[in-house]
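Shown next, in structure tokens, is the structure this report addresses.
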Amino acid sequence: MAHTGPHERFALHFEFTAQINGSPDTIFDLLADMPNYGRWLPGSSAYGGTVNVTPYPVRLGTTYLDAGPVEKPGEVTEFARPHRIGFHHVVQIRRPFATDVDARVRYTLEPKDGGTFVTRDLDLGMDLRGLLMLARPLLVVAFRRENSRTLACLKAFVERASAVTDRGTA
């Protein structure tokens, strides 16, 4: 965590990882199929679906809106199938207070032990002033929870699909 100046701007970095029993291609394709995230990522208090994905199929420069209780307009900033995909979006928090959080997410997919080691890096920039500084620990907890949930949902979906495929070929 780094304090970056007198205006209470903070930069935070988090890393979330999972070993997933699935190929990098399969996982990358799920991450890149943004309009269909609902297949593997149920809605939450922070996420309600991805809409307005343009152009589609997703590629470098594609823009989107993560909708729901908290809107996040964004853009695909990295697209190297099947190894890396990155996103930049602005988290527009409006209740119980108004602030924007700059978020950059980068997935790195590495073949490992017959599956894929997935790293989800999250970089946040927050400009919190006055009483909003008191909200910083709550924001950190919420971002950690949602990012952990996202990776857990991805893992569960891929591994369920893999188990079904394995049973079908056995």
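The values are calculated or read from the model by the stated rules, or taken from the named source; none is laboratory data. Being a predicted model, the structure only gives us computed values, none of them experimental. All Cβ positions, even for glycine, are placed from backbone atoms using ideal geometry, and neighbour counts span all protein chains on display.
Restricting the first member to segment 136-162 and to residues that are more than 12 Å from residue 122 (Cβ to Cβ) and touching a residue at least 60 places away in the same chain (Cβ under 8 Å), and the second to residues that are of a type in the set (Lys, Arg) and assigned to a helix (DSSP H, G or I), the beta-carbon pairs closer than 8 Å and six or more apart or on different chains are 157/39. State whether one or more residues within segment 91-110 are among the charged types (D, E, K, R) and under 18 Å from residue 41 (Cα atoms). Checking segment 91-110: at least one residue is among the charged types (D, E, K, R) and under 18 Å from residue 41 (Cα atoms). When residues in segment 1-37 are screened for being touching a helix residue (DSSP H, G or I) at 6+ places or on another chain (Cβ under 9 Å), in a strand (DSSP E or B) and modelled with pLDDT under 95, 2 of them pass.
Set side by side, the residues 159, 110 differ, and just one is among the charged types (D, E, K, R), modelled with pLDDT of 95 or more and touching a Ser or Thr at 6+ places or on another chain (Cβ under 9 Å), which is 110. Residues in segment 30-58 that are farther than 20 Å from residue 109 by Cα, hydrophobic (A, V, I, L, M, F, W, C), surrounded by 15 or more Cβ atoms within 10 Å (Cβ to Cβ) and without any contact (Cβ under 8 Å) to a residue 40 or more places away in the chain: 53 only. Residue check: residue 143 meets all listed conditions (1) surrounded by 16 or more Cβ atoms within 10 Å (Cβ to Cβ); (2) within 14 Å of residue 28 (Cβ to Cβ) but one, namely (2).
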